[in-house]
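No value in this document is a laboratory result; all are computed from the given coordinates. Predicted, not measured: the structure shown is a model, and the values here were computed from it. With ideal geometry, Cβ positions are generated from the backbone for all residues, glycine too; neighbour counts draw on all protein chains shown.
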Amino acid sequence: MNEFQREEELLRQGLRRREPRDGFANRVLARLDEPKRSAPVAQASWWSWIMAPAMAAVLIAVLGLGALQYQRVGRERQQRAKAEQALGQFARAMEITASKLELAQTRVFRTRGQQ
Amino acid sequence: MRKAIGLCVLAAATVFGQNQNIDLSAWDKFASKAKESSVVTLTPETLGLATSVLTDDSGDGKQLKDVIAKLKGVTIRTYEFAEKGAYTKADVEAVRKQLGGPGWTKFMEVKDGEEQVEMWLHKSANGSGGLTILAAEPRQLTFVQIDGPPDLASLMRASKLLKGGGLDGVLSDKGSPSKKKSSRDEDNEEDN
């Protein structure tokens with residue numbers, strides 16, 4: 001038997017008909033009667049239905065409070081700027097007042113000196 | 001001397017009047033003619049706003065607060081001209097004529113060449129008083145009206161505290177009293 005014939009024999013043995021074990025047909029029929037097992041589907045648990053809106057509510061609240069805080073700080077800054085501007089105007093007013101009082105004082109001294 | 005003038009002013013402020021609102025519209029035309037001008041109008045509200053940023057921690061801030069708190073209003077108009085003759089006597093008279101009348105007392109008038117400075121005191125029926133200064137200089141025209149106690153010493157002190165825009169020592173959340181030498185200390189040094 002040459003090498004070619006040996007390989008042919010091996011192939012023939014591998015492809016030869018084999019009888020199924022006893023009860024094969026019954027087992028197949030039994031499986032058909034079994035309810036179909038569906039593939040596992042990711043199901044949302046009960047807490048996720050509560051957590052999702054809760055998280056959304058918290059997020060909205062945080063954003064809302066942040067916006068209110070931002071507005072409050074902005075208003076305070078504006079108020080502060082106005083107050084500082086008013087104080088600056090008062091400073092200017094006092095500067096002018098003082099300069100005129102000093103002018104009058106100087107003239108009074110000069111007049112007295114001449115007398 | 002300043003204290004003496006202050007006492008003189010307080011002593012003179014004993015008359016009662018009605019209205020201390022002065023119409024300065026005659027001077028509106030100077031806004032475009034003047035080289036420099038300052039128009040300041042502070043109402044009780046703006047004065048209150050100004051005190052809101054002053055600190056109580058600093059002596060200077062507290063003093064300023066006390067001075068401003070007593071005031072009911074401040075009106076300033078000053079026009080500085082590039083040349084002489086930018087205004088006429090009639091322009092000055094338009095304001096001066098409003099200063100007379102019941103409640104007004106001229107306690108100082110200084111004429112020196114072309115310069116003329118007048119200081120008036122006024123007191124309203126409700127008891128509030130004030131100080132008005134009308135200064136006509138060759139190149140400058142100034143009107144100052146302080147509604148409130150005409151305490152010159154306090155006004156001069158306030159001016160000194162705020163001189164040069166030095167607000168750091170008196171603002172509520174900036175600087176600290178220790179960083180800025182108090183004006184009282186400076187006064188003491190001057191006296192010594």
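The ranking of B:M119, A:M55, B:M108 by Cβ neighbour count inside 10 Å, starting from the fewest, reads A:M55, B:M108, B:M119. Here the residues B:I133, A:I50, B:I76, ranked from fewest to most Cβ neighbours within 10 Å of their Cβ, fall in the order A:I50, B:I133, B:I76. With neighbours defined as other Cβ atoms within 10 Å of a residue's Cβ, the residues A:R27, A:R12, B:R96 order from fewest to most as A:R12, A:R27, B:R96.
Here, segment A:43-82 yields an orientationally averaged convex hull projection of 2.5 nm² when only Cα atoms define the hull. Springs between Cα atoms under 10 Å define the GNM used for chain A, and in it the highest mean-square fluctuation of A:Q85, A:Q71, A:Q105 occurs at A:Q105. Membrane-span-like helices in chain A, defined purely by DSSP H runs whose alpha carbon atoms cover 20 Å or more axially and whose average Kyte-Doolittle hydropathy reaches -0.5, are A:46-114.
Dividing the convex hull volume of the alpha-carbon atoms in segment B:2-164 by its residue count gives 127 Å³ per residue. So which of B:K35/B:K72; B:K89/B:K111; B:K84/B:K111 end up more than 22 Å apart by C-alpha? From the list (B:K35/B:K72; B:K89/B:K111; B:K84/B:K111), the Cα-Cα distance tops 22 Å for B:K35/B:K72. Between A:A30, A:A61, A:A98, the Gaussian network model of chain A with springs among Cα atoms under 10 angstrom shows the greatest mean-square fluctuation at A:A30. The eigenvalues of the Cα gyration tensor, multiplied by 5 and square-rooted, give chain A an equivalent ellipsoid with semi-axes of 109, 27, 5 Å from largest to smallest. Comparing mean-square fluctuations of A:R16, A:R92, A:R72 from a GNM of chain A with C-alpha springs under 10 Å, the top value falls on A:R16.
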